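Okay, so here's the structure we're looking at.
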Amino acid sequence: MKLQSYAHVGAWMMSAALAAPVLAHDAEGNAEPLTAEKVIVRGDKDGKAKPAEEKRATTTETKTIEEIKDTTSVVNAEDALRYFPNVFVRKRHVGDTQAPLTTRTSGVGASARSLVFVDGVLVSALIGNNNSNASPKWGMITPEEIARIDVLYGPFSAAFAGNSIGAVVEIESRMPDAFEGSLTGVGTLQDFSQYGTDDTFGARQFRATIGDRFGDVSFWLSASRTDSDSQPLAYATATRPASPSATGTVLAGAFDTVNRTGTPIVVLGAGGFEHQVQDNIKAKVAYDFDAATSIAYTIGRFANDTTSDVETYLRNASGQPVFASGPFNINGYAYTSIAASTFSNNVYDFEEEHWMQSVVLQRNSGGAFDWRIVASQYDYDDSTQRLPSTAMPGALSGGAGSITHFDGTGWWTLDAKGIWRPDADHEISFGLHGDAYELANRRYATTNWISGPEGALASASLGRTSTQALWAQDAWQIDPSLLLVTGLRYEMWEATDGQNFSSSPALNVAQPELDADRLSPKASLQWTFAPEWSAQLSLGRAYRFPTVGELYQAITTGATLTVPNPNLKPERALSSELSLQRTFTNGRVRLSLFTEDINDALISQSAPLVIGSPTLYNYVQNVDKVESRGVELVAAYDDALIEGLSLTGSVTYVDPQIAKDTAFPAAVGKQVPQVPHWRSTLVATYRPDTQWSFTLAGRYSDRVYATIDNTDIVTHTYQGFDSYVVLDARATYDIDEHWTASLGVENLNNDDYILFHPFPQRTGTAELQFRF
């Protein structure tokens, strides 16, 4: 019933988007199409020009901060992407550090198939390809510094690595032209009810910025503190025995249900109640050598202190809460015992301190030759997680456990780009790229997980990857109506210093060194066949090389530990897109047909691992071939029906299938994990005057599968994946030139949905900002 009703709402949102023709304006406010025939140099609200960019062969959606702040409560930087077409950030609560980006054809477990940049500086964590420690470092971006966001769909630009298979997010920041500052206070409150948890959870955030310009020198400082409490992110469960029994101590409070494969289970309690305190500081200093040439240095610190707690639903005959250790009886079934980790796995303490710095040197004259050099470094100065192995409730006061460090993990990048315009018909861009990623993951035993010292080394996963690349691209204006963009990217990749160690089960392996080089051609032809009409055909090859985390995974196989495959091959993608765009005086509509074929796709799936054993294990493997075919409609219209009403919408259908899988034939013909067939957005914003704006928005996605053979048939259960319809509302009032107040409600309709984790229910947001 739930899936059917959501399908009806999704169809309504799609039809509304189809009816709405997307608007862009030039600096004077006149409507103009955003085509690739010209370089669009936009200014932020302080008049600073956007850095010069090459003409692109990629479908791009753009939003300025003025558009975003009217429609979206941007508590964390990733919130600004909420209503972009077919882009989803899996943010589970305010301050979530595990918030990967999903795209048209890649889900939350494929974080390495997208790239996120801030002023050309990479903030994607390409140390893995997952939805945990490989999520982008959103905490290094201050909402107030955002000027504009571009989302580029597909691997059609030679300027980007093969990780652009899904999308590239470019965030442009701003620098002040005069003295300015801001103080912002944000509060959220969520009313959550699921199983035995019925409570409110809130977040409090304070942000401060200050900046100024002194002649050729400008600076920007920002600081923020976030204090948040999450809804439960996990549940403690046990598989129900096959037959009923009256034996054991009777306990009440558990909930009978099924897991995602339909197996009967009981929910014993909730866990992952995260309390986070984050302190972020960022400083930028820029110097203008002349009107076109500048250098900027940025340094940022991200500090996070997270503690997680659990609650038990179980009650004894006296009504006292208990953490069952057995034997006991729940709802007429006898349980001998429950593993200590059932509850204690969701109790932890996590402390992080990350540092990031970058230097950007560029010339942006708009003349015959422009260039930009970007160097960056990201360092996990401290990353320590403490976990108990002692059963609850004893773990609350200490006991044995483990200490896991990611200290020493990090990366550096270096990019140099030139843009040469030899004549009016050609624009030739070219560049060099280098990067190095290091993973340092060590786990130690400890006698006291809360405050004890490190004991013996229990396990370690170490390794490095590096890439060097050179690329070139030519944009040829064949005639006023035809633009041809061709490009080529050559990449050289290697993996070194791989090591896996475990004390029990015993393992100590130095992994083989790997290297590969690949050539990726790109081409796009755009035809403006009428004043308001244009069509574009793009084709691109891309290679996505394995990350350190994928190469050096370790799987427990009985009494031993096994490294499945340290010789994983690069993903090989061939993507295409045919788009048709129509512009209007007040809007724009785009229809895109896209395809994607990935050979040797890197996906976690079940397969035999021990020679001679039929037992299946889950681990990252090269899947022979994955095919995706889709259609996307994006539209917007200003002054729709009445003056001041803006409508924007998008709807995407994609059919992602496993085309060939030699290791696991049961997956062939099944839907690719974590990629929905349907996804849509619809946003209506009414601006009755220059002070007020009111927004009502909706987001829809149908169900996805977590397993490659689609055996997770149950959606509304812990670790399942529901379809959902979420409605959001927001009102913003510019009181005067200094004060702005906003009120919003996310998940206004209080949809109770699960995307592996329970997701936020109805949440109110209040924001007050003072600018000076």
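The values are calculated or read from the model by the stated rules, or taken from the named source; none is laboratory data. Not measured: the values here are computed from a predicted model. Here Cβ is always computed from backbone atoms with ideal geometry, including for glycine, and neighbour counts include all displayed protein chains. Accessible surface areas use protein heavy atoms only, side chains included; no ligands, DNA or RNA. Shrake-Rupley method; radii C 1.70, N 1.55, O 1.52, S 1.80 Å.
Can you classify segment 50-188 as rounded, prolate or oblate using the Cα gyration tensor, where a ≥ b ≥ c are the square roots of its eigenvalues, rounded means a/c under 1.5, and otherwise it's prolate if a/b beats b/c and oblate if not? It comes out oblate by the Cα gyration axes. For the Cα trace of the chain, dividing Rg by the Kirkwood Rh returns an Rg/Rh value of 0.96. Using only side-chain charges placed at the Cβ, +1 for Lys and Arg and -1 for Asp and Glu, the dipole size of segment 554-685 relative to its Cα centre rounds to 240 debye.
Since only THR257, LEU432, PHE545 are under comparison, the one whose Cα sits farthest along the positive direction of the charge dipole of the chain, derived from C-beta charges on Lys, Arg, Asp and Glu, is THR257.
In terms of its C-alpha gyration tensor, segment 118-169 comes out oblate, because a/c is 1.5 or above while a/b does not outweigh b/c.
Placing pseudo-labels 7 Å out from each Cα toward the beta carbon at ILE555 and ASP212 gives an inter-label distance of 6.0 nm. Net charge dipole, segment 266-325: roughly 120 debye, given to the nearest 20, about the Cα centre with Cβ charges of +1 for Lys and Arg and -1 for Asp and Glu.
How much of the DSSP beta bridge set in the chain is antiparallel, as a percent to the nearest 5? Intermediate values should be presented prior to the final figure.
Details: 333 of 341 bridges.
In the chain, DSSP labels about 100 percent of beta bridges as antiparallel.
Evaluated over the Cα positions of segment 638-692, the convex hull gives a direction-averaged projected area, one quarter of its surface, of 5.6 nm².
Just flag the GluC sites (Glu not before Pro) in segment 469-517 sitting in loop per DSSP whose Cβ has no more than 13 other Cβ atoms within 10 Å. Provide the component values of the computation, followed by the final result.
Details: sites: GLU491, GLU494, GLU513; in loops: GLU513.
Sparse-neighbourhood loop GluC sites (Glu not before Pro): GLU513.
Can you give the Kirkwood hydrodynamic radius for segment 226-342, in Å, rounded to one decimal and based on Cα pairs?
Numbers: mean 1/r = 0.0557 Å⁻¹.
Hydrodynamic radius (Kirkwood, Cα only) of segment 226-342 equals 18.0 Å.
What's the FRET efficiency of LEU574 with ASN316 using the Cβ-Cβ distance as r and R₀ = 41 Å, to the nearest 0.05? Walk me through the numbers before you get to the answer.
Numbers: r = 61 Å, r/R0 = 1.49.
Approximately 0.10, to the nearest 0.05.
Give the accessible surface of the chain per residue, rounded to a whole number of Å², with probe radius 1.4 Å and ligands, DNA and RNA excluded. Intermediate results must be reported in sequence, preceding the final value.
Working: 30060 Å² over 772 residues.
Here the per-residue accessible area is 39 Å².
Below 13 angstrom from the Cβ of ALA666, what's the summed charge of the other residues (Lys, Arg +1; Asp, Glu -1)?
Numbers: positive: LYS660, LYS670; negative: ASP661, ASP709.
Result for the neighbourhood of ALA666: 0.
For segment 328-403, what % of the accessible area comes from carbon and sulfur atoms, probe 1.4 Å? Intermediate results must be reported in sequence, preceding the final value.
On the way: 1590 of 3080 Å².
Roughly 51 percent, rounded to a whole number.
Cross-link check: pairs LYS417/LYS625; LYS69/LYS137; LYS137/LYS660; LYS63/LYS569 evaluated at a Cα-Cα cut-off of 26 Å; pairs beyond the cut-off: LYS417/LYS625; LYS137/LYS660; LYS63/LYS569. What's the carbon and sulfur percent of segment 464-618's accessible surface, probe 1.4 angstrom, rounded to a whole number? Whole-percent figure for carbon plus sulfur exposure: 59. Toward the positive end of the charge dipole of the chain, with +1 on the Cβ of Lys and Arg and -1 on the Cβ of Asp and Glu, the farthest Cα among GLN320, ALA456, LEU81 is that of GLN320. Using the empirical formula 2.2 N^0.38 Å as the baseline, the Cα radius of gyration of segment 358-418 reaches a ratio of 2.19.
Principal axis analysis of the Cα atoms in segment 426-549 yields extents of 74, 32, 22 Å, listed in decreasing size.
Counted by Cβ distance under 9 Å from LEU470, the other residues give a net charge of 0, where Lys and Arg count +1 and Asp and Glu count -1.
Using helices alone, what [θ] at 222 nm do you get for the chain, with -39,500 (n - 2.57) per DSSP H run of 4 or more residues, divided over all residues and rounded to the nearest 500?
Working: 4 runs with 33 residues, N = 772.
So the calculated ellipticity at 222 nm is -1000 deg cm²/dmol.
Placing unit charges on the Cβ atoms of the charged side chains and taking the dipole of the chain about its Cα centre, the candidate lying farthest along the positive direction among TRP471, TRP692, SER135 is SER135.
Magnitude of the charge dipole for the chain, about its Cα centre and with charges confined to Cβ atoms of Lys, Arg (+1) and Asp, Glu (-1), is about 1700 debye.
Leaving ligands, DNA and RNA out of it, report the carbon-plus-sulfur percent of the accessible area of segment 151-210 at a 1.4 Å probe. Please report the intermediate quantities before stating the final value.
Numbers: 1020 of 1740 Å².
The nonpolar share, carbon plus sulfur, comes to 59 percent.
With no solvent and one equal point scatterer placed on each C-alpha of segment 575-713, evaluate the Debye formula and give log10 I(q)/I(0) for q = 0.11, 0.22 Å⁻¹, two decimals. Debye output, listed in q order: -0.58, -1.25.
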